[in-house]
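**Student:** Sending over a structure as structure tokens; questions will come in a sec.
The values are calculated or read from the model by the stated rules, or taken from the named source; none is laboratory data. Source: prediction; values computed, not measured. Every residue, glycine as well, gets a Cβ built from its backbone with ideal geometry; the counts of neighbours run over all protein chains shown. Side chains are part of the model used for accessible areas, which takes the heavy atoms of the whole protein and leaves out ligands, DNA and RNA. Shrake-Rupley method; radii C 1.70, N 1.55, O 1.52, S 1.80 Å.
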Amino acid sequence: MATIAAWLGKGVDRVIIGTAAVRDPALVKAAAREFPKRVAVGLDARDGKVAVDGWAETSELTALDIARRFEDAGVAAIVYTDIARDGLLKGLNLDATIALADAVAIPVVASGGLASIEDIKHLLEPRAHKLQGAIAGRALYDGRLDAGEALRMIRAARVGT
């Protein structure tokens, strides 16, 4: 809790708790109460099962199992990463991410594999309406995704809705 408080005290808007969400859910719940709208849960999954300790260990729990633990805890968001796609530019696993978003009330952010403007288009499809957003990494670094173009496309879609 002291580490969470320290980062938030330094001006970080939101912390993401990963392994501790699996191993110490009480910590996440306490932090979400103490710091409303500033605590997210990071769920990194391999074949639907949540991995911990920098993906070194795969638990028997699914992302949905863990997300449901925090349904009424005040968690700001779930960041769902498909490990099999992260950094590989294969595109987001929208089927699994949307299924998670449909199953819980907590906002879900897609992560892992965003590769191009085509992925942004898929995020703007009606089936993805419950997703809070997506994280882009390597596609930005490699120049495969133009952030300005993506933001223009998102803004235009918002005006149209």
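**Student:** Against the longest alpha carbon principal axis of the chain, how many degrees, from 0 to 90 and to the nearest 10, is the axis of helix 94-103 turned?
**Tutor:** Value to nearest ten degrees: 50.
**Student:** Rounded to a whole number, what % of the accessible area of the chain do carbon and sulfur atoms account for, probe 1.4 Å?
**Tutor:** Whole-percent figure for carbon plus sulfur exposure: 53.
**Student:** Same structure, new question: Return the sequence-ordered ³J(HN,Hα) values of segment 24-29 in whole Hz as given by the Karplus equation 6.51 cos²θ - 1.76 cosθ + 1.60 applied to θ = phi - 60°, using x for Gly and Pro.
**Tutor:** Ordered by residue, 3J(HN,Hα) equals 9, x, 4, 4, 4, 4 Hz.
**Student:** Past 23 Å, Cα to Cα, is the threshold; run Lys29/Lys49; Lys29/Lys90; Lys37/Lys90 against it and keep the listed order.
**Tutor:** Lys29/Lys90; Lys37/Lys90
**Student:** Hey, what do the phi angles of segment 104-118 turn into as Karplus ³J(HN,Hα) couplings, whole Hz, using 6.51/-1.76/1.60 and θ = phi - 60°, x for Gly and Pro?
**Tutor:** Calculated HN-Hα couplings, in order: 10, 8, 6, x, 10, 10, 7, 8, x, x, 3, 10, 6, 5, 4 Hz.
**Student:** From the Cα trace of the chain, what convex hull volume per residue do you get, rounded to a whole Å³?
**Tutor:** 123 Å³
**Student:** Oh, and also: Sequence-distant or interchain residues sharing an amide H contact under 5 Å with Val109, placed H: which?
**Tutor:** Ile78, Val79, Tyr80, Gln132
**Student:** Further question on the same structure: Sorted by packing (mean other beta-carbon atoms within 10 Å per residue), highest first, where do 151-157, 43-49 land?
**Tutor:** 43-49, 151-157
**Student:** If you count only protein heavy atoms with a 1.4 Å probe, what accessible area per residue comes out for segment 1-142, rounded to a whole Å²?
**Tutor:** 50 Å²
**Student:** So what J values fall out for segment 126-132 if you push phi through Karplus, 6.51 cos²θ - 1.76 cosθ + 1.60 with θ = phi - 60°, rounded to Hz, Gly and Pro as x?
**Tutor:** Result, ordered by residue: x, 5, 9, 4, 7, 6, 6 Hz.
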